[in-house]
Amino acid sequence: MKKIIFAVIVTAAIGMLAGCSSQQTTPSGNPANSINSATVAATQNVNPISMEEAKTKAVTDAGFKADEVKYTKSNIKMVDGVQRYEIEFTANGKKYNYEIESQSGLVMQKGQAPAN
């Protein structure tokens, strides 16, 4: 009899634990912490910016116009699986370097130093 009671208690406990979940759902039944394609599309630029747009963004951010700078480097590189434009130019005796994410157009890094 004690074995049967013990088996019932263990089975009930396992059933309760199996039914418990910390995952919350949205009204549509999707997990609350999942990322759906609409969320991803809303946070990413569907059309990545071009190298020319990245150059314009860098030059403008530095406070110059395109005809006031001399480009010394412009290429594409990957950082943690994300494509970035690497842009360097000189103006007013200084060297400027920028990394701009191609998908969002955000300036990820920038710096300046005296030109050599």
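The values are calculated or read from the model by the stated rules, or taken from the named source; none is laboratory data. These numbers were taken from a predicted model, which means no experiment stands behind them. No Cβ is skipped: glycine too gets one built from the backbone with ideal geometry, and neighbour counts run over all protein chains shown.
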Complete set of residues in region 66-116 that are assigned to a strand (DSSP E or B), over 23 Å from Asn47 (Cα atoms) and of a type in the set (Asp, Glu): Glu88
Out of Lys55, Lys65, sole residue that is modelled with pLDDT of 55 or more, of a type in the set (Lys, Arg), surrounded by fewer than 11 Cβ atoms within 10 Å (Cβ to Cβ) and in the same structural domain as Leu106 (by TED's automatic domain parsing): Lys65
Among residues of region 58-91, those that are over 14 Å from Pro48 (Cα atoms) and either touching a residue at least 24 places away in the same chain (Cβ under 8 Å) or touching a strand residue (DSSP E or B) at 6+ places or on another chain (Cβ under 6 Å) (or both), counted: 21
Cβ-Cβ under 9 Å pairs, at least 6 apart or on other chains, region 97-116 side within 15 Å of Val69 (Cα to Cα), far side of a type in the set (Asp, Glu) and surrounded by 13 or more Cβ atoms within 10 Å (Cβ to Cβ): Asn97/Glu86; Asn97/Glu88; Tyr98/Asp61; Tyr98/Glu86; Tyr98/Glu88
